[in-house]
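Each remark here refers to the structure printed beneath this line.
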Amino acid sequence: MNWYDNAIIYHIYPLGFCGAPKFSDDTDEVSYRLDKILDWIPHLKEMNVDAVYFGPVFESVEHGYDTIDYKKIDRRLGDNNSFRYICDQLHENGIRVILDGVFNHVGRKFPQFVDVQKNGQNSGYCDWFQNLNFGGQSPYGDPFWYEGWHGHYNLVKLNLRNVGVCDHIIDAVNYWIESFGIDGIRFDAADCIDFDFFKRIHNFCKGKKRDFWLMGEIIHGDYNRWANNEMLDSVTNYECYKGLYSSHNDKNYFEIDYSINRQSGSNGGIYRNINLYNFVDNHDVNRLASTLNNKAHLPLVYTLMYAMPGIPSIYYGSEYGIEGRKENNSDDNLRPCLHLNDMNSLDDSLYKHIVKLGRIYRAYPAMRTGAYEKIMITNQQLLFKKVLGDQVIYVALNLADYEFDLNFGTHLPNLVDVLTGSPVDVSNGNVHVKMRPYSSMIIVSDDIVNKEPDNDTVSAVEEYKDTEIVIGAKYRHFKGNEYEVVAVARHSETMEELVIYKSLNDGEIWARPKSMFVGKSGDVRRFTKIG
């Protein structure tokens, strides 16, 4: 299992976040606006963020999706040296860097397109652009026709079947990996990108970094077409994005439960082998606080997103419940300039809830990758459990404006709501708890989040961190033999996680359930990471 399968991701739209001018002039001086992200690092760490996904940062004219230069930071944000320092600081703080790869289209000032404008049919770049021909005139008055993305002719579609185009993009990706150490790419408009290109860039990136993350923006369709062993690791989960808010607005938990079971249910979920990228808002859709009919449901939506299968993400500012709607065909309200000091003056109850969710997500492996099993559902209440090996976590949600008597059976003798630290009554294998209106609970047998660690022992939280298997790392068995972890696989029938590891002594390959690999033999941990 790779780092991104256990990640919490923070999404920033840099041009908006930094309050950059709407348009860039190539005569403008460089402005180091993006350096402000450095002040946000403690904020990110408090939320247990594992990676920052930066929206477009490459040189462009307007919104970043009209790229001019794939190897240059937009002068409205800074320069390559300043961004390299940002990447270094994030990495030093254990936060990875994901860039937005806008590889489907470019801006009209892209040098190779300018060459076609200048030299016409004599340009060596005519085949770089989709359906470019000299049999007509473009809407901008060029003496040739070309294809614009979704009819937007300021966004010139690239011909990704042209070897020169692919070489140009891969050369740029190589530059960002080697010079900045980036850890992943989000592919804009992935549904429009040629599959052969994805296969080539997959092989290239995985060859450079085995755990490099490839995620695509997909709105409709079968996610398996893009997310598979030959192409992308993950795609945007727009199906559950809609279900997360509308199940609350419509008071219908059956909707989101249906989607989760369809995707990841133990009885044949169609995306069980994909960790989808989950979100409740982003740079293209209205903020969650402006989408929900009742803002009291905000914490419940985030609880559900963190607990459901997949990779949770936060769009900058939404951890404070800020609002923002599209208006007059403009996304500007969705992409505001934010200052951390201003955010700290807002009501921080939602932020504190998300911080707690991050701590829970980090502490309990079952929260991250456990199998989803529904226990009880009504229109306004949902109870499910996440199971990983011997670890069981119960997640309960009550979106109603009245108290709800929650009752269910359990094999666990003692339980606690880790969100509040409050014990939960268990009597003869039955749980009874009165849920408050508009509330969520995460119920576990061992509260390792709210405990103060014992100074004489390793805290339970640190102990659970050891359950994050590092592929390629070396481990020593408690009997002395040493091994290298080759992969983390899933049993095809039970979906149990299996650690695949190789003996450093004789090269023999072994497999063991992850719950046993990370567990103990008596009081001794079976395997200890040594490098």
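The values are calculated or read from the model by the stated rules, or taken from the named source; none is laboratory data. Computed from a predicted structure; not experimentally measured. All Cβ positions, glycine included, derive from the backbone under ideal geometry; neighbour counts span all protein chains shown. Remember, those area values only see protein heavy atoms, side chains included, never the ligands or the DNA or RNA. Shrake-Rupley method; radii C 1.70, N 1.55, O 1.52, S 1.80 Å.
For segment 278-354, count the residues as N, evaluate 2.2 N^0.38 Å, and divide the Cα radius of gyration by that value, please.
1.08
Provide the FRET efficiency to the nearest 0.05 for the Lys479-Asn341 pair, computing r from the beta carbons and using R0 = 56 Å.
With a Förster radius of 56 Å, E is 0.55.
Assuming 0.36 nm per residue, please report the length gained on full extension of the stretch Thr420 to Lys352 beyond their Cα-Cα distance.
23.3 nm
When the helix-only estimate is applied to the chain (DSSP H runs of n ≥ 4, each -39,500 (n - 2.57), divided by the residue count), what is the mean residue ellipticity at 222 nm, nearest 500 deg cm²/dmol?
After summing the helix terms and dividing by the residues of the chain, the value is -7500 deg cm²/dmol.
Tally the DSSP beta bridges in segment 31-190 and give the antiparallel ones as a percent, rounded to 5.
55 percent
Explain nothing, just the number: relative contact order of segment 192-261, from Cα pairs under 8 Å at least 6 residues apart, as a whole percent.
Here the relative contact order equals 26 percent.
Provide the per residue accessible area, probe 1.4 Å, for segment 1-124, rounded to a whole number of square angstrom.
Averaged over the residues of segment 1-124, the accessible area is 36 Å².
Where the centroid of each part is defined by its Cα atoms, how far is segment 407-440 from segment 70-126 in Å?
Centre-to-centre distance over Cα atoms comes out at 52 Å.
With unit charges on the beta carbon (Lys/Arg positive, Asp/Glu negative), name the residue among Asn333, Tyr146, Gly531 whose Cα is farthest towards the positive pole of the charge dipole of the chain.
Ranked along the dipole, the leading option is Gly531.
For each pair in Lys71/Lys529; Lys385/Lys474; Lys157/Lys295; Lys251/Lys385; Lys22/Lys251; Lys352/Lys374, compute the distance between the two Cα atoms and list the pairs where it is over 29 Å.
Beyond 29 Å: Lys71/Lys529; Lys385/Lys474; Lys157/Lys295; Lys22/Lys251.
Rounded to the nearest percent, how much of the accessible area of the chain (1.4 Å probe, protein heavy atoms only) is carbon and sulfur?
Reported share for carbon and sulfur atoms: 45 percent.
Just to verify a number: FRET efficiency for Lys295 and Glu29, C-beta to C-beta distance, R0 = 35 Å, to 0.05?
So, using R0 = 35 Å, E works out to roughly 0.25.
Could you let me know the centre-to-centre spacing of segment 381-398 and segment 198-214, using Cα atoms, in angstrom?
Segment 381-398 and segment 198-214 have Cα centres separated by 34 Å.
Gain in length, Arg210 to Tyr140, computed as 0.36 nm per residue apart minus the alpha-carbon separation, to one decimal in nm?
Length gained, Arg210 through Tyr140: 20.8 nm.
Would you mind counting up the charge near Gly324? Only other residues with Cβ under 13 Å from its Cβ, with Lys and Arg at +1 and Asp and Glu at -1.
Charge balance near Gly324 sits at -2.
Report relative contact order for segment 232-315 in percent, whole number only (criteria: Cα-Cα under 8 Å, sequence separation at least 6).
That works out to 34 percent.
Which residue, chosen from Ile500, Asn80, Ile68, occupies the Cα position most advanced towards the positive end of the dipole of the chain, where the dipole is computed from +1 (Lys, Arg) and -1 (Asp, Glu) charges on Cβ about the Cα centre?
Checking the options against the dipole of the chain, the answer is Ile500.
Where both partners of a DSSP beta bridge lie in the chain, what percent of those bridges are antiparallel, to the nearest 5?
Taking every DSSP beta bridge with both residues in the chain, the antiparallel ones total about 70 percent.
With everything on Cα atoms, drop me the angle between helix 298-307 and the longest principal axis of the chain, reported from 0 to 90° to the nearest 10.
Its long axis makes an angle of about 80 degrees.
Only residues of segment 327-354 count here: report those whose backbone N is under 19 Å from the spot 7 Å along Cα→Cβ of Gln89, or say none.
337-344
Tell me the net charge near Lys71. Cut-off is 14 Å between Cβ atoms, Lys71 excluded, with +1 for each Lys or Arg and -1 for each Asp or Glu.
After counting each charged neighbour, the total is -4.
Can you compute the modelled spin-label distance between Asn428 and Ile377, with each label point 7 Å from Cα toward Cβ, in nm?
3.1 nm
Tell me the relative contact order for the chain as a rounded percent, counting alpha carbon contacts under 8 Å between residues six or more apart.
Rounded, it is 10 percent for the chain.
When a/c is below 1.5 the answer is rounded, else prolate if a/b is larger than b/c, else oblate, so apply that to segment 1-60 with a ≥ b ≥ c taken from the square roots of the Cα gyration tensor eigenvalues.
Cα axes put segment 1-60 in the prolate bin.
At R0 = 30 Å, how high is the FRET efficiency between Ser179 and Glu62 if r is their beta carbon distance? Nearest 0.05 is fine.
The pair Ser179/Glu62 has a calculated efficiency of 0.70.
Long-range amide H contacts for Ile182: which residues qualify at under 5 Å (H placed 1.01 Å from N, peptide plane, sequence gap of 5 or more or a different chain)?
Close amide H contacts, sequence-distant or interchain: Ile177.
If you find the alpha carbon centre of segment 23-54 and of segment 220-253, how far apart are they in angstrom?
28 Å
For segment 37-84, what class follows from the C-alpha gyration tensor (a ≥ b ≥ c being the square roots of its eigenvalues): rounded when a/c is under 1.5, otherwise prolate if a/b is larger than b/c, else oblate?
Taking the square roots of the gyration eigenvalues as a ≥ b ≥ c, segment 37-84 is prolate.
By how many nm would the segment from Lys22 to Ile219 grow when fully extended, if each residue of separation counts as 0.36 nm and the alpha-carbon distance is taken off?
68.2 nm
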